[in-house]
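K.L.:
Dumping the structure here so I can ask a few things about it.
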Amino acid sequence: MKKILLLGDIHANYPALEAIQNYARPDQFDKVVNTGDFTVYSTFPNETIQWFRKNKKSICILGNTDKRVLRILKGKKLKKPKKEEKRIMYFWTSDNLLPVNVNYLKSLPKHSDFTIGNIRIGVFHGAFDNESETLFPNTPERRFRKLAKDSPYQVHIMGHSHVPYYKIVDGVHFINPGSVGRMFDGDLRTSFAILKVSSEIIEAEHFRIPYPVEEVIKGLKENQLPDIYAKKYRIGKKLNQTEPE
Ligand SMILES: [Fe+2]
């Protein structure tokens, strides 16, 4: 039986990652998976990336926010997001990332996979065949059926929706651990999951645990970032619904 810690959508919220570290003890896992979106919307992108750089058991991929930060650093124009407060968060991140952490992000793939025994496990930010698609628990069953049929994986670990879920469709396991660092459901607690895999059994369990939200708010204030983000972290919800994350 192998134990895998599933993390994703951290969004530079290192206080939440630390809370998971203290609770779940990552050294006791065979692997630590990160489904992407290390960066943007909180002020600890370097601490977050360093944590994974130092963890030799980690399997990490890029999310949409990370890809955008890398595009800014290449000198490309930022077309989206359009909202000024979001653009401020992107530019703050690209200005503050250490070169060693930029290089690490550049080294990461858009998706990854690994095998445990005869079980093939894929890691995606969005969907297996469309990295920008957000799969929600209420996405039509036929979509999950198609993914189950078209992909070679028995387990899909995904992020992007910031909604934790676990469903088994046509024998294929779809797991989203939820967001470590940017909650949308009004529950302030950080979200993660634990996956157990052997040749006989595949099972996943979700966890929500408290973390020091005020540390995130302090980081935002110290860097004079838009007040709207302090409000969002305090209520664990988006204040506008116009753009995907
Ligand atoms: Fe995200």
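Computed from the coordinates by the stated procedures, all read-outs in this text should not be read as laboratory data. Since this is a predicted model, take the numbers as computed values, not measurements. Don't worry about glycine lacking a Cβ; one is built from the backbone with ideal geometry, like all the others, and counts go over all protein chains shown.
K.L.:
Going by Cα centres, the range 119-184 and the range 55-103 are how many Å apart?
P.N.:
Cα centres, the range 119-184 to the range 55-103: 23 Å.
K.L.:
Also, I was wondering about something else. Starting from the Cα of Lys3, step 7 Å toward the Cβ, then list every residue of the range 24-57 with an amide N under 18 Å from that point.
P.N.:
The answer is 24-34, 56-57, whose backbone nitrogens lie closer than 18 Å to the label point.
K.L.:
Follow-up question, since we're still on this one. So how far apart, in nm, are the two label points at Lys57 and Phe114 if each is 7 Å from Cα heading toward Cβ?
P.N.:
Result: 0.9 nm between the two label points.
K.L.:
So what is Rg over Rh here for the range 48-127, counting just Cα atoms and using Kirkwood for Rh?
P.N.:
Over the Cα atoms of the range 48-127, Rg/Rh equals 1.04.
K.L.:
Starting from the range 136-240, pick out the trypsin sites (Lys or Arg not before Pro) whose DSSP state is loop and whose Cβ has at most 12 other Cβ atoms within 10 Å.
P.N.:
none
K.L.:
Hey, got a sec? Which trypsin sites (Lys or Arg not before Pro) in the range 36-126 land in a DSSP loop and have at most 10 other Cβ atoms within 10 Å?
P.N.:
Lys56, Lys74, Lys76, Lys77, Lys79, Lys82
K.L.:
With Cβ to Cβ distances under 15 Å as the rule, what net charge do the other residues near Met1 carry (K, R +1; D, E -1)?
P.N.:
Here the count lands on 0.
K.L.:
Another question, then. Report the relative contact order of the range 1-53, percent, no decimals, based on alpha-carbon pairs under 8 angstrom and at least 6 residues apart.
P.N.:
So the answer I get is 51 percent.
K.L.:
A follow-up question, please. Figure the gain on full extension for Asn223 and Asp95 (residue separation times 0.36 nm, minus the Cα-Cα span) and round it to one decimal in nm.
P.N.:
44.9 nm
K.L.:
Excluding His125 itself, what net charge comes from residues whose Cβ is under 10 Å from its Cβ, given Lys and Arg +1 and Asp and Glu -1?
P.N.:
In short, -3.
K.L.:
Let me ask something else. Over the chain, what is the mean sequence separation of C-alpha contacts under 8 Å (at least six apart), divided by residue count, expressed as relative contact order in percent?
P.N.:
23 percent.
K.L.:
Working from Cα positions, state the angle (0 to 90°, nearest 10) between the long axis of helix 64-73 and the longest principal axis of the chain.
P.N.:
Taking the Cα atoms of the chain, the angle to 64-73 is about 50 degrees.
K.L.:
Where in the range 113-145 does the amide nitrogen come within less than 20 Å of the point 7 Å from the Cα of Ser198, taken along Cα to Cβ?
P.N.:
115-121
K.L.:
Using a Gaussian network model of the chain with C-alpha springs under 10 Å, which one of Glu84, Glu18, Glu47 is most mobile by mean-square fluctuation?
P.N.:
For the chain, modelled as a Gaussian network with Cα springs under 10 Å, the answer is Glu84.
K.L.:
Please report the net charge: other residues with Cβ closer than 11 Å to the Cβ of Lys110, K and R +1, D and E -1.
P.N.:
Result for the neighbourhood of Lys110: -1.
K.L.:
Here is a follow-up. What list of ³J(HN,Hα) values in whole Hz, one per residue of the range 151-157 in order, does the Karplus curve 6.51 cos²θ - 1.76 cosθ + 1.60 (θ = phi - 60°) give from phi, with Gly and Pro shown as x?
P.N.:
Taking θ as phi minus 60°, the curve returns 9, x, 9, 8, 10, 10, 9 Hz for the range 151-157.
K.L.:
In this model, which of Lys76/Lys231; Lys56/Lys232; Lys31/Lys231; Lys167/Lys238; Lys86/Lys218; Lys80/Lys196 are farther than 28 Å apart at the alpha-carbon?
P.N.:
Long pairs (Cα-Cα over 28 Å): Lys76/Lys231; Lys56/Lys232; Lys31/Lys231; Lys80/Lys196.
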